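The values are calculated or read from the model by the stated rules, or taken from the named source; none is laboratory data. Model, not experiment: these values are computed from the prediction. Note that we place each Cβ from the backbone using ideal geometry, even for glycine, and neighbour counts take in every protein chain shown.
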Amino acid sequence: MLTDFFGPTIELWPEILHALGQTGYMMMFAMGIAALAGIPLGTLLYLIRPGSLAQQPRLYAVLDTAVNILRSFPFLILLIVLIPITRFIVGTAIGTTAVIVPLAISAIPDFARLIEQTLLEVNRGVIQAAEAMGASTFQIVTKVLYREARSGIVSTCTIISINFLSFSTVAGLVGGGGIGDFAIRYGYYRYQLDVMAFTVALIVIIVQIIQSTGNYLVRRLDKRH
Amino acid sequence: MLELQNILKSFTGADGRHDVVNNVSLSVGKGDIYGIIGASGAGKSTLLRTINLLERPDSGEVWLEGVDLTKLGKRELRLARGQIGMIFQHFHLIENRTVYDNISFPLEIAGVPKKERRERILESLAIVDLQDKVLVYPAKLSGGQKQRIAIARALVARPKLLLCDEPTSALDPDTTGQILRFLQDINRKLHITIVIVSHEMEVVGSICSKVSLMERGVIAETLDLAERKQHEPKSQIAKLLFNHGQEAKEVDYAYGLLRAND
């Protein structure tokens, strides 16, 4: 029974592991880039909001609109629109490394918006107390805002990485590989329903692991209750 | 030591412009515990917050020991704020920092080295008598304990002036008394000048040396409680509050009594 289920997939294991490796590679780099750009951008949005610590209402309106526009692009379209930029950065628009560019770029505005919302939940009174003690804006951001919002920031990273997993399945279109692409190639194109079911189950498990790890960290980091 | 001169602050709301603080001047002497009492919406908290420029006044001057704070640049203002402690109604501790790290915060800002920080933090904790809570997170503390930690956090920077914005309004009567005793001790032993905003008679009546009564953005009357006999309250509300202090415990309540008599 069990061998029936695993029967056709056993010989595919090397390929599954390879695909998992590709997914891991895409997610790690895309996540890193998205966080490196998205967290500062989200912080900037928070700081320059009208009424905030360093308000710049006009610049905020511009960035706010830009973030909204980028967020409205369907990923598949963004992937194609970005081909020239990807080619410029990576040297090619095809392959696993090439997919990292649109993945990261599509996640930056999502990341920024979620970070902005997370920071907005930090108690204004605590920030004012820090101001009253003579803290600079930079000190307030690093020592108060990020500290108070740290569990929210981890939640944001969890959401974004699960999004990546689902977006990376589209990567197959430009030869990006990965576990989602594997499921489509074997399960869908070759009608190997058992392989597809197996791979989808694998993806479900990965999502569960990411979510549980995220939840665990959020619980550990949140001392507010 | 502290002089407010012609402080004006207005806010523009949906129904037009309001002068929340309208041309207020007051003078706080070294070692005073100065109370500002008034009904909710009288502008007393806004006035207090203009002292460390959390609210920048539209016009007027804030003189602290010969320096006009309104004229300072950003950097100098931050340094000046380091000399002014502040505590709040809702404490405003950093929830994801332990008690120790909360008290450490003002010292980190000022760039005090780690070893000296430790000594000063423990010293401050001893003043508020909470040494056993060093590694606890604020969520595990009672309201009174949180306010004591907030006091320790304010004291650790060795301020000359302590601003208290409704410091006991979120606390029960017993805890209120305890916090007031701590404030009085700090004033006497550490020679820190204190300005307290409150709507509770008990607070100003029990520890303040001078009290200003604030009404609709202006100071209606200032009383020297140390020599109360020479300064008979003039306004009706002040008479009600200071001659029958025990009856009228809160300013809002006293106003209610006045209106009922009309």
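Scan the helices (runs of 4 or more DSSP H) fully inside the range A:103-195 and keep the ones with 3 or more residues being farther than 18 Å from A:Y25 by Cα and in contact (Cβ under 8 Å) with a residue 24 or more places away in the chain.
Per the criteria, A:150-167.
Residues are listed down the side, and each one gets a yes or a no for (1) at negative phi; (2) part of a helix (DSSP H, G or I); (3) within 9 Å of another protein chain (Cβ to nearest Cβ):
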{"site": "B:R56", "(1), (2), (3)": "yes, no, no"}
{"site": "B:V62", "(1), (2), (3)": "yes, no, no"}
{"site": "B:L93", "(1), (2), (3)": "yes, no, yes"}
{"site": "B:E116", "(1), (2), (3)": "yes, yes, no"}
{"site": "B:I121", "(1), (2), (3)": "yes, yes, no"}
{"site": "B:S124", "(1), (2), (3)": "yes, yes, no"}
Notebook entry, point to check: Counting just the residues of the range B:81-91 that are out of contact with any strand residue (DSSP E or B) (no Cβ under 9 Å at 6 or more places or on another chain) and either more than 7 Å from every other protein chain (Cβ to nearest Cβ) or of a type in the set (G, A, S) (or both), which one comes out farthest from B:L155 (Cα to Cα)?
Noted result: B:F91
Next item on the list: Give the residues of the range B:184-209 that are aliphatic (A, V, I, L, M), in a helix (DSSP H, G or I) and surrounded by fewer than 23 Cβ atoms within 10 Å (Cβ to Cβ), sorted by residue number.
Entry: B:I186, B:I207
Checklist line | Any chance B:L72 is in contact with an Asp or Glu (Cβ under 8 Å, 6 or more places away or on another chain) and surrounded by fewer than 20 Cβ atoms within 10 Å (Cβ to Cβ) | finding: no
Next item on the list: Go through the range A:154-179 and give me each residue that's at pLDDT below 85 and either more than 11 Å from the chain's Cα centre (by Cα) or within 14 Å of chain B (Cβ to nearest Cβ) (or both).
Entry: A:T169, A:V170, A:A171, A:G172, A:L173, A:V174, A:G175, A:G176
Next item on the list: Please tell me if B:I87 is surrounded by 21 or more Cβ atoms within 10 Å (Cβ to Cβ) and more than 19 Å from the chain's Cα centre (by Cα).
Entry: no
Notebook entry, point to check: Would you call B:L162 in a strand (DSSP E or B) and within 14 Å of another protein chain (Cβ to nearest Cβ)?
Noted result: yes
Notebook entry, point to check: Can you find even one residue in the range A:135-153 that is over 22 Å from the mean Cα position of the chain (by Cα), within 14 Å of another protein chain (Cβ to nearest Cβ), buried (at least 21 other Cβ atoms within 10 Å of the Cβ) and of a type in the set (G, A, S)?
Noted result: yes
Checklist line | Checking B:D101 against (1) touching a helix residue (DSSP H, G or I) at 6+ places or on another chain (Cβ under 8 Å); (2) charged (D, E, K, R); (3) within 14 Å of chain A (Cβ to nearest Cβ), the condition it does not meet | finding: (1)
Margin query: From the list A:L53, A:L44, A:L82, exactly one residue is at pLDDT below 95 and within 20 Å of the chain's Cα centre (by Cα). Which is it?
Written below: A:L82
Next item on the list: Could you check A:V200 against (1) within 21 Å of the chain's Cα centre (by Cα); (2) at pLDDT 90 or above; (3) not small (G, A, S) and say which number it fails?
Entry: (2)
